[in-house]
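Participant: Below are the structure tokens for one structure; questions will follow.
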Amino acid sequence: MAITITVNGRRHTVAAPDDTPLLYVLRNELELNGPKFGCGLGQCGACTVHLGGDAVRSCLIPVSAVKAPVITIEGLGTADKPHPVQAAFVAEQAAQCGYCINGMVMSTAALLKRTPKPSENQIRAALDGNLCRCGTHMRILRAVRKAAGTPV
Ligand code: FES
Ligand code: FES
């Protein structure tokens, strides 16, 4: 079935079964590989994108259910003009293998849009569903605080 979705400001019509996960469409049809396939079960956060401004797990959302604009990390900033969250993650070198980081950045960007000066508890709650197997957590937390302009 032909389904039209808006991703990073561009409309796309894709031919896909209704229940195809948004993540598959982003990666396989639109060649947006920023959202990562981690678990495919909604348990790791590697696939996080924004849907209507909210951080969501694109592996769990059927493409036919997408009714609001989608932003992937490719639409957040560029190498020349990074989003403040991206800049903070680079400044703090908040990655080891990096596989979880795009999801971390997307969850953080959604948090700071909603809550520009989050408390430590709010930061930890917002990132609770984003898993990092490398143990980069302390650097990630420093990057989030830097992006929020609170003490690192
Ligand atoms: Fe979507 Fe893990 S791949 S939550
Ligand atoms: Fe490797 Fe987080 S940096 S999983």
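Participant: For ALA87, indicate whether it is surrounded by fewer than 22 Cβ atoms within 10 Å (Cβ to Cβ), under 20 Å from LEU141 (Cβ atoms) and away from ligand 2 (no atom under 16 Å from the Cβ).
Facilitator: Working: surrounded by fewer than 22 Cβ atoms within 10 Å (Cβ to Cβ): yes; under 20 Å from LEU141 (Cβ atoms): yes; away from ligand 2 (no atom under 16 Å from the Cβ): yes.
It is true that ALA87 is surrounded by fewer than 22 Cβ atoms within 10 Å (Cβ to Cβ), under 20 Å from LEU141 (Cβ atoms) and away from ligand 2 (no atom under 16 Å from the Cβ).
Participant: For the subset of region 99-113 comprising residues that are in contact (Cβ under 8 Å) with a residue 40 or more places away in the chain and more than 14 Å from ligand 2 (Cβ to nearest atom), which member is surrounded by the fewest Cβ atoms within 10 Å (Cβ to Cβ)?
Facilitator: Filtering region 99-113 down to residues in contact (Cβ under 8 Å) with a residue 40 or more places away in the chain leaves 99-100, 102-104, 106-107, 109-111, 113.
Applying the additional criterion that residues be more than 14 Å from ligand 2 (Cβ to nearest atom) yields 109-111, 113.
Working: ALA109: 23, ALA110: 21, LEU111: 21, LYS113: 13.
Looking at residues that are in contact (Cβ under 8 Å) with a residue 40 or more places away in the chain and more than 14 Å from ligand 2 (Cβ to nearest atom), I get LYS113.
Participant: Continuing with this model, one more query. Take the residues in region 26-60 that are of a type in the set (D, E, K, R) and within 20 Å of GLY129 (Cα to Cα); name whichever of them is surrounded by the most Cβ atoms within 10 Å (Cβ to Cβ). Before you say what the answer is, go through the steps one by one.
Facilitator: Filtering region 26-60 for residues of a type in the set (D, E, K, R) gives 27, 29, 31, 36, 54, 57.
Adding the requirement that they be within 20 Å of GLY129 (Cα to Cα) leaves 36, 54, 57.
Values: LYS36: 21, ASP54: 11, ARG57: 27.
Ranking the qualifying residues of region 26-60, first place goes to ARG57.
Participant: Which strands (runs of 3 or more DSSP E) does region 1-63 wholly contain that include 3 or more residues that are without any contact (Cβ under 8 Å) to a residue 12 or more places away in the chain and closer than 26 Å to LEU111 by Cα? Explain how you work it out, then say what you get.
Facilitator: Working: elements: 2-7, 10-15, 48-51, 54-57.
Because the criterion is at least 3 residues that are without any contact (Cβ under 8 Å) to a residue 12 or more places away in the chain and closer than 26 Å to LEU111 by Cα, no strands (runs of 3 or more DSSP E) in region 1-63 meet it.
Participant: Please go through region 136-152 and pick out each residue that is free of Cβ contacts under 8 Å to residues at least 60 places away in the same chain and of a type in the set (A, V, I, L, M, F, W, C). Walk me through how you get there before you give the answer.
Facilitator: In the first step, residues of region 136-152 are kept if they are free of Cβ contacts under 8 Å to residues at least 60 places away in the same chain; the result is 136-146, 148-151.
Of everything in region 136-152, those that are free of Cβ contacts under 8 Å to residues at least 60 places away in the same chain and of a type in the set (A, V, I, L, M, F, W, C) turn out to be MET138, ILE140, LEU141, ALA143, VAL144, ALA148.
Participant: Okay, moving on. Please determine whether any residue of region 61-75 is acidic (Asp, Glu) and loosely packed, with under 15 Cβ neighbours inside 10 Å.
Facilitator: So in region 61-75, the residues acidic (Asp, Glu) come out as 74.
So of that shortlist, the ones also loosely packed, with under 15 Cβ neighbours inside 10 Å come out as none.
The answer is no, given that none of the residues of region 61-75 is acidic (Asp, Glu) and loosely packed, with under 15 Cβ neighbours inside 10 Å.
Participant: Let me ask you something else. Being more than 25 Å from GLY52 (Cα to Cα) and assigned to a helix (DSSP H, G or I) is the filter here, so list the residues in region 121-140 that pass it.
Facilitator: Narrowing region 121-140 to residues more than 25 Å from GLY52 (Cα to Cα): 132-139.
Within region 121-140, HIS137, MET138, ARG139 meet the criteria.
Participant: Let me ask you something else. For region 41-54, how many residues meet the condition of being more than 16 Å from ligand 2 (Cβ to nearest atom) and not acidic (Asp, Glu)?
Facilitator: Pass one, region 41-54, residues more than 16 Å from ligand 2 (Cβ to nearest atom): 41-42, 49-54.
Restricting the remaining residues to those that are not acidic (Asp, Glu) gives 41-42, 49-53.
So the count comes out to 7.
Participant: Related question: Which residues, taken from region 66-98, are touching a residue at least 40 places away in the same chain (Cβ under 8 Å) and assigned to a helix (DSSP H, G or I)?
Facilitator: GLU74, GLY75, PRO84, VAL85, ALA87, ALA88, PHE89, ALA91
Participant: Please find, among ALA143, ALA148, ALA125, ALA91, the residue that is away from ligand 1 (no atom under 16 Å from the Cβ), touching a Phe, Trp or Tyr at 6+ places or on another chain (Cβ under 6 Å) and more than 24 Å from VAL25 (Cα to Cα). I'd like the intermediate steps shown before the answer.
Facilitator: Details: ALA148 fails: touching a Phe, Trp or Tyr at 6+ places or on another chain (Cβ under 6 Å); ALA125 fails: touching a Phe, Trp or Tyr at 6+ places or on another chain (Cβ under 6 Å); ALA91 fails: touching a Phe, Trp or Tyr at 6+ places or on another chain (Cβ under 6 Å).
From the options ALA143, ALA148, ALA125, ALA91, the qualifying one is ALA143.
Participant: Scan (1) of a type in the set (S, T, N, Q); (2) modelled with pLDDT under 95; (3) over 15 Å from GLY34 (Cα atoms) for the single condition THR136 breaks and write down its number.
Facilitator: (2)
The values are calculated or read from the model by the stated rules, or taken from the named source; none is laboratory data. Because the structure is predicted, anything quoted here is derived from the model rather than measured. With ideal geometry, Cβ positions are generated from the backbone for all residues, glycine too; neighbour counts draw on all protein chains shown.
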